[in-house]
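The values are calculated or read from the model by the stated rules, or taken from the named source; none is laboratory data. Bear in mind that the values here come from a model prediction, so they are computed numbers and not experimental data. Cβ placement follows ideal geometry from the backbone for every residue including glycine, while neighbour counts extend to all protein chains displayed.
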Amino acid sequence: MTAAPTDTRHVVVIGAGIAGLAAAHRALGRGARVTVLEASDRVGGKLLPGEIAGVRVDLGAEAMLARRPEAVDLARATGLADRLRPPVTTTAAIWTRGALRPMPKGHVMGVPGTAAALSGVLSDDGLARIERDAELPRTEVGDDVAVGEYVAARLGREVVDRLVEPLLGGVYAGDAYRISMRAAVPQLFQAARGHASLTEAVRDIQARAAAATPQTGPVFMGIQGGVGSLPLAVAEAVRAGGGEVRTGNPVTELRREADTGWRIVAGDRVLHADAVVVAAPAPVAAGLLGAEAPAAAAELTAVEYASMALITLAYRRSDADRLPEGSGFLVPPVDGRTIKAATFASRKWGWIADEDPGLMVLRTSVGRYGETEILQRDDAELVAVSRDDLRAATGLDAAPVATRVTRWDDGLPQYPVGHHARVARVRDHIGKLPGLAVCGAAYDGVGVPACVASAHTAVDRVLGEPRGVEEVTAHPVPGAQGGTGE
C-alpha cells in the first residue's frame with residue numbers, strides 16, 4: 001500500500017467512541033497529526049467488551065452490518081481480519097399472542113409485501129386489512145412521514161404493533177409512530193413515493209434486490225472476543241501510527257482562533273488545531289458548539305435520546321436445554337411484556353460457545369423511548385423480570401450462575417420525522433466554519449458502519465476530499481489481534 005503523504009495539519013477529534021476513533025484513523029491515514037480527547041476513562045462509547053462467568057461477551061452492540069463495508073474494512077485495517085466471525089444462526093422468532101412464532105420472511109423492517117406467512121402473528125382481521133391495501137387511495141409521504149403512521153394507514157395498526165415496532169425498537173429503542181421513515185427506512189420511503197400501494201412498494205424493493213447482482217457473504221458480522229474489541233484495536237492502531245488518544249480529558253471550550261484554526265481547552269491543557277471533528281453525543285456537541293455555531297448547537301440540543309439496559313445471564317448448558325433453536329426473539333410492546341428482545345448469545349456466536357461449552361449465555365434488553373419506570377429499578381429487579389419473561393417465553397426456569405446489568409443512559413439518539421432536515425441544517429451551519437465537522441450516531445444512522453461512514457465524511461470535509469484511494473493508509477497493530485479490555 002502506498003504510504004500516505006505527510007500533512008502538517010493538526011486534527012483534534014473530540015470523543016473516542018467508534019466514530020471519533022474512525023475519524024482519527026482516517027485523518028492519520030491522510031497524513032495529518034492527530035489528537036483524540038475523550039472525557040470518560042475508556043474508549044469505545046457504546047461498544048463495550050466484558051465478561052460473564054469467565055466468558056468474553058459484548059456489553060453493548062454485538063454485531064455490525066457486513067453488507068456495508070465501512071466497519072468490516074476498519075476491523076481488517078486494524079488487525080482484526082482473522083477474528084471476524086459471522087453469526088452461526090440468524091433465525092429469529094417473535095414472541096406474540098402467547099407463543100414464540102418464526103419471524104416472517106419477505107418484509108422490509110417488518111412491513112410485509114403480502115399477508116402470506118403472517119397467520120398467528122396477526123389476527124384474521126389484521127390479515128384481511130393487509131389485503132385491502134391495494135384498494136386504498138394513494139397516501140402521500142411528502143417530505144417525510146412517521147413509519148408507524150404511514151404503515152398503519154395502509155396496512156393497519158396490527159402490522160405496526162406486532163412487526164414494525166419490535167424491529168425498529170431493536171435498532172432505535174424508539175416509538176415507530178414517531179420514527180422518520182426517510183431517516184430509518186430510506187429504501188421504503190423512496191419506494192412508497194413511487195407506488196400507490198405499500199405492499200406493491202415492498203414487493204418492488206424485493207424484486208429489485210433479487211434482480212441485482214447477488215451479494216455474497218453474511219449480512220452481519222461479529223468479532224471473536226466481541227465487537228467491543230474494535231475500538232480498542234482502532235485506538236491502538238492510531239497510537240501505533242503516531243497519533244495521541246487521551247482518556248479522562250473532557251473538553252470544556254472550543255473557539256476559533258482568528259482565521260488560523262481552533263483553540264481547544266481540556267482541563268489544564270490548551271491545544272491548537274487546524275481542524276476539529278466533534279464526535280460526541282448531540283448534547284455534548286451542542287455545549288461545545290454554542291460559542292461558534294449557536295444555530296447548530298440549538299438544533300443539536302433538540303435531539304432526544306432513549307435509555308436502555310442489557311441484562312446478560314449465564315446458565316449451565318444442561319439447565320438451558322429447553323431453549324428453542326435460533327438466535328433469540330423479539331417482543332412487541334403491545335403484548336405487555338417487560339423485555340423487548342432476548343438473544344441466545346451462545347447459539348448466535350460460535351466463539352462464545354467455544355470459550356465454555358458448558359455455559360449458555362443469554363441477554364435481554366429493556367427500555368424504550370419514553371419508558372422511565374423500568375429503568376429506575378435496581379439491577380436485581382431487572383434480572384428478576386428478565387427471568388420471569390424468559391420463563392414465560394421458553395420455559396427456562398433454572399437459576400443463572402452469573403448475571404450482569406449494563407445500563408446505557410441516553411444511549412440511542414432518536415430519529416423523529418424531520419430528522420434528515422435537522423441534520424442538513426446542522427451541517428449547513430457548521431459548513432460556514434472552516435476546519436470543523438461533526439460525526440456520530442446522532443446524524444446518519446446508529447449502526448457501526450453508519451458511524452464509521454459519518455467519521456470518514458467529517459474528516460474529508462476538514463481535510464478536503466482525498467485525491468485517490470492511495471492517500472488513505474491503514475495502520476494495523478503490528479503483530480497484534482486487538483485487545484478485549486479485560
* To do: Working carefully through the options V151, V164, V160, find the one that is within 21 Å of H419 (Cα to Cα), within 20 Å of the chain's Cα centre (by Cα) and not basic (K, R).
  => V164
* Give the residues of region 313-334 that are within 20 Å of P102 (Cβ to Cβ), of a type in the set (D, E, K, R) and at pLDDT 95 or above, sorted by residue number. => none
* Asked: Given (1) in contact (Cβ under 8 Å) with a residue 60 or more places away in the chain; (2) under 26 Å from the mean Cα position of the chain (by Cα); (3) closer than 23 Å to A115 by Cα; (4) crowded, with 17+ Cβ neighbours inside 10 Å, where does Q187 come up short, assuming only one miss?
  -> (4)
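Residue-by-condition table, conditions (1) at pLDDT 95 or above; (2) closer than 14 Å to V13 by Cα; (3) hydrophobic (A, V, I, L, M, F, W, C); (4) in the same structural domain as G20 (by TED's automatic domain parsing):
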{"residue": "S229", "(1), (2), (3), (4)": "yes, no, no, yes"}
{"residue": "T247", "(1), (2), (3), (4)": "yes, yes, no, yes"}
{"residue": "V251", "(1), (2), (3), (4)": "yes, yes, yes, yes"}
{"residue": "L254", "(1), (2), (3), (4)": "yes, yes, yes, yes"}
{"residue": "T260", "(1), (2), (3), (4)": "no, no, no, yes"}
{"residue": "I264", "(1), (2), (3), (4)": "yes, yes, yes, yes"}
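Answer with yes or no whether A233 is surrounded by fewer than 24 Cβ atoms within 10 Å (Cβ to Cβ) and either aliphatic (A, V, I, L, M) or closer than 21 Å to V34 by Cβ (or both).
Details: surrounded by fewer than 24 Cβ atoms within 10 Å (Cβ to Cβ): no; either aliphatic (A, V, I, L, M) or closer than 21 Å to V34 by Cβ (or both): yes.
Criteria not met by A233.
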* To do: State all residues of region 372-396 that are acidic (D, E) and farther than 19 Å from D335 by Cα; if no residue qualifies, say none.
  => D378, D379, E381
* Does A392 meet the test of being within 29 Å of T338 (Cα to Cα) and part of a loop (DSSP other than H, G, I, E, B)? -> no
* **Hits in region 438-461 (condition: buried (at least 24 other Cβ atoms within 10 Å of the Cβ) and either at positive phi or of a type outside the set (F, W, Y) (or both))** => V438, C439, G440, A441, A442, V448, C451, V452, S454, A455, A458, V459
* To do: Exactly one condition in (1) surrounded by 17 or more Cβ atoms within 10 Å (Cβ to Cβ); (2) at pLDDT 95 or above; (3) farther than 21 Å from D144 by Cβ is not met by H419; state its number.
  => (3)
* If you go through region 305-316 one residue at a time, do you hit one that is touching a helix residue (DSSP H, G or I) at 6+ places or on another chain (Cβ under 7 Å) and surrounded by fewer than 17 Cβ atoms within 10 Å (Cβ to Cβ)? -> no
* Structure fact -> By my count, strands (runs of 3 or more DSSP E) wholly in region 237-280 with at least 2 residues that are farther than 19 Å from R461 by Cα are 244-246, 251-257, 261-266, 269-273
* Give the residue, chosen from L163, L155, L168, that is more than 30 Å from A27 (Cβ to Cβ), modelled with pLDDT under 95, buried (at least 21 other Cβ atoms within 10 Å of the Cβ) and not β-branched (V, I, T). => L168
* **Residue within region 396-407 that is more than 30 Å from A314 (Cβ to Cβ) and modelled with pLDDT of 95 or more present** => no
